[in-house]
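The structure appears right after this line, and notes come after that.
The values are calculated or read from the model by the stated rules, or taken from the named source; none is laboratory data. From a predicted model like this one, the values you see are computed outputs, not experimental measurements. Every residue, glycine among them, receives a Cβ derived from its backbone with ideal geometry; neighbour counts consider all protein chains shown.
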Amino acid sequence: MSNLLVISDEIREVSHDLLIAISQSYLSPLEADFVSLSVRKRRTKEIAELLDLPPCEVVRRRRVIQRKIRAVYTYHFKLNYVEFLRFAVKVLPPEKFKCLLLHYVELKALKEISREFGIQPSTAQRWLQSSKMALDEAMGPKSKLRPYLKSFDDIPYLNIRNIRRSAEDARRIADLQVGENTLGEWLTKRFTPESNRNH
């Protein structure tokens, strides 16, 4: 990978082809152009001139793009997020697990999550933070699932939508048991007005 677009130590193995594919699927056209130029080893000054941006804006955008690519690659290409959800459903109470699902599986913003539960965004944020702490405590220090804890920090701020999951992954997620229902049944039913009033 070009040293002009270092994503993070743990995903240096990502190929140029996958980097371009991620950028074309999940980033804006301008961000995808930025990645393409970086992969071709264009310097900051050159990118600034070609994209008609000041150099300081190129540096800022590089950090944002790196974070977006790291999030998509880490949570949806490299790691087995179904295993993470299987672990989380055993640790978290139902309301907080469903909050996690909206955050992680559906990539909902805090305002959208709060509307689903009929709670304040600050409460949704507290639920996510307390879920992160509970999962952190339940995991061993060398758990292969630990990188998922970073998702609590990354996902709400990345404005990434429509993660493309394989049919097999979609089926595995839908079949995951959440209380009396499978996750697929829960996602279909979502919250009724009656269940919202219970929270």
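Here are a few things to note about the model shown:
- Number of residues in region 11-50 that are free of Cβ contacts under 8 Å to residues at least 24 places away in the same chain and surrounded by 19 or more Cβ atoms within 10 Å (Cβ to Cβ) equals 2.
- Within the option set Lys108, Lys132, being within 16 Å of Leu92 (Cα to Cα), at pLDDT 75 or above and surrounded by 15 or more Cβ atoms within 10 Å (Cβ to Cβ) holds for one residue only, Lys132.
- In region 54-66 there is no residue that is closer than 30 Å to Tyr148 by Cα, surrounded by 13 or more Cβ atoms within 10 Å (Cβ to Cβ), modelled with pLDDT under 80 and outside the structural domain of Pro147 (by TED's automatic domain parsing).
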